[in-house]
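Here is the structure we will look at.
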Amino acid sequence: MTKANETTTDAAGSATDPERIIVFDTTMRDGEQSPGASMNLSEKLRIAEVLEGMGVDVIEAGFPIASEGDFEAVNEIAKVVKDSGVCGLARAGKADIERAGEAVKPARRPRIHTFISTSPLHMKYKLQMEPDDVYQAVIDSVTHARNFTDDVEWSCEDGSRTEHDFMCRCVEAAIDAGAATINIPDTVGYALPDEFAAIIAMLRNRVPNMDKAVISVHCHNDLGLAVANSLAAVKAGARQIECTINGLGERAGNAAMEEIVMALRTRADLMPYAPRIVTENITKASRLVSTVTGFTVQPNKAIVGANAFAHEAGIHQDGVLKHAGTYEIMTPESVGLTESKLVLGKHSGRHAFKEKLKEMGYDIGDNAVEDAFKRFKDLADLKKDVFDEDIIALVDETVVRTNDRIKLASLEVLCGTVHTPPKADLSLDIDGEVTSAQSTGDGPIDAVFKAIKALTGEDPHLQLYQVHAVTEGTEAQAEVTVRLEEKGKTVNGQSADTDTVVASAKAYINALNKLLVKQKKTAPAAISA
């Protein structure tokens, strides 16, 4: 299962092998709805490339009608992705569907994912529609979407709180209208595993044409049950799982792809259902999404957390040394964590650095390698030991931040008991022109942020400032996360440096770059799962 298997999919993306699980990634659509998790076009293209390399079956690239930026991202991803299906989200209205159809048109395997709420609560208060009108909208939306592609997915929003009779009626109608995939979302993370599995079993037993479509599930994590509900649904007959890298998503997030895939792999004895994901790429994908969004992965996060394969207790260490299987149910290598064969320092050359990047799974262009190597040499002058985590931090930053309008040119800070108040002398490169400013503040970070505001003319609200060490020791790089909000737009910025103040400045600038290019959604309340 660690290799993309030979099972193929038909035009609709349904598995020709009934025991294979279709992986539908919505990191760039539902994941981006998480406050601050904005991604620009180049970042989305990079994520799409990694997802395709992992063997993801369907990439939900965005919500085309939400903004010009979303449309452009879906359209460009549709042009470059060849092996994965590319999907655009649409509400039940014609304008949404037509915009999605236009966006995914260049794709080799285009999909339109259309949805409407079906629970009594949503129909009454959100849609203000009668059930019969919603039922007709299901038919009309799927029928219209079929004009643009044969691969149409239909979702009943708030499915876990929908009355069963009405759900069956809508599902049957959607399939008759041409939907090849039926998605049952646990939109608010309300269901329990047995309950959710019973819904899937009920649909298979009661909907007469259910065999003509793939059952999909999209579970949110409000009760911490998104992965459990997804796996329960698979055992009950669902064959597509909608998920995100790192469990990214609004509120408590979505089902985490890495957890689902590794659960299926590790417990194939009880769940012999094989996704075609190349699991060795999981860690790389996790780190990329974390860097792009500024959402740091918690250390004890399953599969991809820093402590996922760490053993501190003496009895555990003793057991692992004697046999890894005593306390490890999967190997670090199976998710892309490998023991370093090359130790780098300030005397290491380009060839060794390139070999290290290759060993770590990075395949980047020559210009990016040169930039990363220069930054590595600078780091090696400051640190005696350069760890893999250090290289990951600098390479990820190099790869995903090539189009920033604002860049840090220079920074000098005076602070401490002698220099009060703290003073920052800052120079920024803004659209190719370097300008400078001085500022004071309550502390060095405050002084730096005020100088950035003075030079850019931007004064967003600082919602979050967070620092953690990339590695151990006093020489460790500080990784700083900054969250900014302005006029309803929320973005995260992230950067790492051995100097915490420099890392803070770069993180703030990273967030500011995102804030300047992020386009306001025209349909921010639209949720499909």
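Throughout, read-outs are computed from the coordinates displayed, never taken from laboratory work. Predicted model only: the values in this text are computed from it and were never measured. Quick reminder, even Gly has a Cβ in these numbers, built from the backbone with ideal geometry, and neighbours come from all protein chains shown.
Points to keep in mind about this one:
- With a Förster radius of 56 Å applied to the C-beta separation of Ala306 and Arg108, the computed FRET efficiency comes to 0.90.
- The calculated FRET efficiency for the pair Asp269 and Leu223, based on their C-beta separation and a Förster distance of 30 Å, comes to about 0.65.
- With a Förster radius of 41 Å applied to the C-beta separation of Ala252 and Asp429, the computed FRET efficiency comes to 0.60.
- Our summary gives the chain a relative contact order of 14 percent, counting only alpha carbon pairs under 8 angstrom and 6 or more residues apart.
- Exceeding the 22 Å Cα-Cα cut-off - candidates Lys453/Lys506; Lys358/Lys407; Lys44/Lys346: Lys358/Lys407; Lys44/Lys346
- Where labels lie 7 Å past Cα in the beta-carbon direction, separation of Glu68 and Ile329 in nm: 5.0 nm
- For the pair Asp83 and Leu462 in one chain, pulling the backbone fully straight at 0.36 nm per residue adds 132.4 nm over the alpha carbon distance.
- Per-peptide packing, taken as the mean over residues of other Cβ atoms within 10 Å, places 505-513, 91-99 in the sequence 505-513, 91-99 from highest down.
- Summing charges over all other residues whose Cβ lies under 11 Å from the Cβ of Glu153, with Lys and Arg as +1 and Asp and Glu as -1, gives -2.
- Protection proxy ranking of 231-242, 178-189, by the mean of other Cβ atoms within 10 Å over each peptide's residues and highest first, is 178-189, 231-242.
- Rounded tilt (10° steps) of 366-382 against the dominant C-alpha axis of the chain: 50 degrees
- Computed about the Cα centre, the dipole magnitude for segment 406-517 is approximately 320 debye when only Lys and Arg (+1) and Asp and Glu (-1) carry charge, each at its Cβ.
- Between Ala368 and Lys235, the distance separating the two model label sites (each 7 Å from Cα on the Cα→Cβ line) works out to 4.1 nm.
- Dipole of the chain computed with +1 at Lys/Arg Cβ and -1 at Asp/Glu Cβ about the Cα centre; of Ala424, Ile406, Asn183, farthest Cα towards the positive end is Ile406.
- Label-to-label distance, nm, for residues given as Thr474 and Glu195 (7 Å Cα→Cβ offset): 5.4 nm
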